[in-house]
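These notes are about the structure you will find just below.
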Amino acid sequence: MFKYTVKRALFGALTLFILATITFFLMKSIPGNPFNGDKKLSPQQLAQLNEKYHLDKPVGEQYVLYLKGLLQGDLGISIARKKNVGDIIFKCAPVTMRLGMVAFCIAIVVGITLGTISALSKKKWVSYFITFFTTLGVSVPSFLLALLLLMLFGVWLRWLPIVGLQTPKHYIMPATAIALYPISMIAKLTRSSMGEVMKQDYMVLAKSKGSSSISVIVKHGLRNALLPVVTYAGPMLAFLFSGSFVVETLFSVPGIGSEFVKSINGRDYSMIMGCTIFLGFLIITLNIITDLVSALVDPRIKLGK
Amino acid sequence: MSVLDVKNLHTKFYTEQGDVQAVRGASFRLEKKEVLGIVGESGSGKSQTMFSVMGLLSANGRVAEGEIYLNGENISPLAFKSHRDYEKKMESIRGNSMAMIFQDPMTFLNPVLKIGTQLMEPILNHTNLSKKEAKQRAIELMEKVGIPSPEKRINQYPFEFSGGMRQRIIIAMALACNPQVIIADEPTTALDVTIQAQVLELISNLKDEIDSSIIMITHDLGVVASICDRIAIMYGGKIVETGTDREIFYEPKHPYTIGLLSCVHNPEEEKKDLKPIPGTPPDLLNPPKGCPFVDRCEHAMRICKLQMPEEKSFSETHQCSCWLNSMPEGGASND
């Protein structure tokens, strides 16, 4: 297990390096520069700024300089914000992650519950209704739901605050908006795998031992049915942690999602690199964790083969 | 009093194509410490009879008629006011006074739970033993069914066991609470021949050690011959002949039983060819009105198609339902 984790971490580092390289050259190939903003700069100022951020050097040299900095843990200075990129990320990432974590917990609990009910319910309309809801959930974009929620609960009913994340109450709408898609996906996954598990022979054997239906479903059924959900949940968490530009903008949440999109629009090179590497790191790490958790849930999965 | 007495059991499966009448009036008794073999080919309703008794039918299956007496108490689902009452009663019976051994050890064990956890389940369900005591009992059971180093194996998962070892675990589960009735549903079908012999030997050794009565479902007459006291032959959802092992093997009355016996290879009669029974079992979506075997029977008469024969007794233990035996001498005409 330890050996496997180390191996995966090394591969992860390699992936991250490739990711950084590709992003760096792609980013440089986009036309425009960080300084063609609102106010006009004189040629001297421009030359000065270019020199300051090493933009006057050839791209290859810039790349080497950037990697050198990166190896020392220096993500550079944000051109637009004039602040250390690392500091900016460490300020906005936790905001997104808190919101993502709330959405994740909602998605897991609600998704698994809905999926299980849908798979086990003897009443046909229950299962139809849940299928309708989950299909809606995967098709409705989060910004639409966010707008609907904002209008309904924020503007008309005035039950929930609409700006920022100051109190737990502030989390309800943005988290719901982000969680709808994962809820629906998890419910669909749980429903199909639970339906499959219920047909398995070991469920009959478990019942033949005199266990109650509930205990058979929870102890024998869910454990098996949740394997595909675990595999899905890891990457989903990474997706939630990378934040949603639209939802963050709509609810004025100072998260990394909106920061990332802003940096691309502004050609804020060091910020783009910083966000990419940070999110890449998150996704790779969560994937490794997912595989480790899968092996814990299913003893048949042998890591490292 | 019989330990288990099943009377006129009918089980139906409701499918989109119509109602499948898997069991159509099966009746049998099981006495104390007896081993009853139920023999029949695939689709004859033998497994579904037992799943009906255990209350383990799949969701679209129902007991439509009949009584099931366990120690004189009717445990047919029809005898209960609600499904909930029935389930509650059955939860206290399953794994406790009635246990089941299943066909395929590869699919009947939960792949993600430790052997120990699964083996301790019936013990924890039906006794007041603590977890620690239950584990001790589980280890004893594993020893009893011949699993080497059970202290170590108890913490392993099913995929770390071979097929034969898994079947031993399933047998151990059935033995856990010293049940009065053990129903073994083709316990050797899914195993290699050499392992089959070992598992059969285990069962026949156990049957002398424990107080349980055993119902052995099989389509293998060889299995029956080696351990059963009495045999019931099932065909088309009905029991067509019952008798002691001697009566069935030496004085078979039903043409189907005779046909089954001639399908068994006898190493002492080298030259004799095996004689398969031509045709296929009846369609239980539209079961025949008369004898279910009529289309494959070489003695079939006009009446066989029209009416189900009455059961006739040849001795206290030997009964058979066939017109050949019910007709007066000379009254039979081939048609």
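The values are calculated or read from the model by the stated rules, or taken from the named source; none is laboratory data. Small disclaimer: the values here were computed from a predicted structure and weren't measured. So basically every Cβ, Gly included, is an ideal-geometry build from the backbone, and we count neighbours across all protein chains shown. Each accessible area value is taken on the protein alone, full model and side chains, heavy atoms only, with ligands, DNA and RNA left out. Shrake-Rupley method; radii C 1.70, N 1.55, O 1.52, S 1.80 Å.
One table, with the values for the structure above:
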{"item": "Test: residue in the range B:98-115 that is within 12 Å of chain A (Cβ to nearest Cβ), open to solvent by less than 40 Å² (accessible area, probe 1.4 Å), among the polar types (S, T, N, Q) and not in a loop (DSSP other than H, G, I, E, B)", "result": "no"}
{"item": "Of all residues making up the range B:310-335, the number that are at pLDDT 85 or above, part of a loop (DSSP other than H, G, I, E, B) and open to solvent by less than 90 Å² (accessible area, probe 1.4 Å)", "result": "5"}
{"item": "Any hit, the range B:185-194, residues being without any contact (Cβ under 8 Å) to a residue 12 or more places away in the chain and assigned to a helix (DSSP H, G or I)", "result": "yes"}
{"item": "Filtered residues of the range A:195-205 (kept if open to solvent by less than 30 Å² (accessible area, probe 1.4 Å) and facing chain B (nearest Cβ under 7 Å))", "result": "A:TYR202, A:LEU205"}
{"item": "Condition met for B:VAL224 (open to solvent by less than 10 Å² (accessible area, probe 1.4 Å), out of contact with any Cys (no Cβ under 7 Å at 6 or more places or on another chain), among the β-branched types (Val, Ile, Thr) and closer than 26 Å to B:PRO122 by Cα)", "result": "no"}
{"item": "Cβ-Cβ under 9 Å pairs, at least 6 apart or on other chains, the range B:230-242 side open to solvent by 10 Å² or more (accessible area, probe 1.4 Å), far side polar (S, T, N, Q) and part of a strand (DSSP E or B)", "result": "B:ARG230/B:THR242; B:ARG230/B:THR244; B:LYS238/B:SER321; B:ILE239/B:SER27; B:ILE239/B:GLN319; B:ILE239/B:SER321; B:THR242/B:GLN319"}
{"item": "Test: B:SER47 is farther than 22 Å from B:GLY259 by Cα and either at pLDDT 90 or above or of a type in the set (Gly, Ala, Ser) (or both)", "result": "no"}
{"item": "Check on A:SER211, small (Gly, Ala, Ser), outside any helix (DSSP H, G or I) and surrounded by 18 or more Cβ atoms within 10 Å (Cβ to Cβ)", "result": "yes"}
{"item": "Criterion (at pLDDT 90 or above and not aliphatic (A, V, I, L, M)) met by exactly one of B:PRO187, B:PRO148", "result": "B:PRO148"}
{"item": "Residue count, the range B:41-67 (criterion: among the charged types (D, E, K, R), in contact with a strand residue (DSSP E or B) (Cβ under 7 Å, 6 or more places away or on another chain) and not in a strand (DSSP E or B))", "result": "1"}
{"item": "Qualifying position, being closer than 26 Å to A:PHE132 by Cβ, more than 11 Å from chain B (Cβ to nearest Cβ), in a helix (DSSP H, G or I) and modelled with pLDDT under 90, among A:THR231, A:THR249", "result": "A:THR231"}
{"item": "Pairs, first free of Cβ contacts under 8 Å to residues at least 12 places away in the same chain in the range B:62-88, second open to solvent by less than 40 Å² (accessible area, probe 1.4 Å), C-beta under 7 Å, six or more apart", "result": "B:ASN74/B:ILE68; B:PHE80/B:TYR86"}
{"item": "For B:ALA59: the one exception among (1) open to solvent by 60 Å² or more (accessible area, probe 1.4 Å); (2) modelled with pLDDT of 90 or more", "result": "(2)"}
{"item": "Test: residue in the range B:169-186 that is open to solvent by 20 Å² or more (accessible area, probe 1.4 Å), within 14 Å of another protein chain (Cβ to nearest Cβ) and either touching a strand residue (DSSP E or B) at 6+ places or on another chain (Cβ under 6 Å) or under 30 Å from A:ALA295 (Cβ atoms) (or both)", "result": "no"}
{"item": "B:ALA197 being open to solvent by 20 Å² or more (accessible area, probe 1.4 Å) and either assigned to a helix (DSSP H, G or I) or within 19 Å of A:HIS220 (Cα to Cα) (or both)", "result": "yes"}
{"item": "Residue check, B:PHE80 within 25 Å of B:ARG168 (Cα to Cα), at pLDDT 90 or above and open to solvent by 20 Å² or more (accessible area, probe 1.4 Å)", "result": "no"}
{"item": "Positions within the range B:73-97 being facing chain A (nearest Cβ under 10 Å) and assigned to a strand (DSSP E or B), in sequence order", "result": "B:ARG94"}
{"item": "Single condition B:LEU119 does not satisfy, out of (1) under 21 Å from B:ILE210 (Cα atoms); (2) more than 11 Å from chain A (Cβ to nearest Cβ); (3) open to solvent by less than 20 Å² (accessible area, probe 1.4 Å)", "result": "(2)"}
{"item": "Test: residue in the range A:276-294 that is outside any helix (DSSP H, G or I), touching a residue at least 40 places away in the same chain (Cβ under 8 Å) and either in contact with a helix residue (DSSP H, G or I) (Cβ under 7 Å, 6 or more places away or on another chain) or within 14 Å of chain B (Cβ to nearest Cβ) (or both)", "result": "no"}
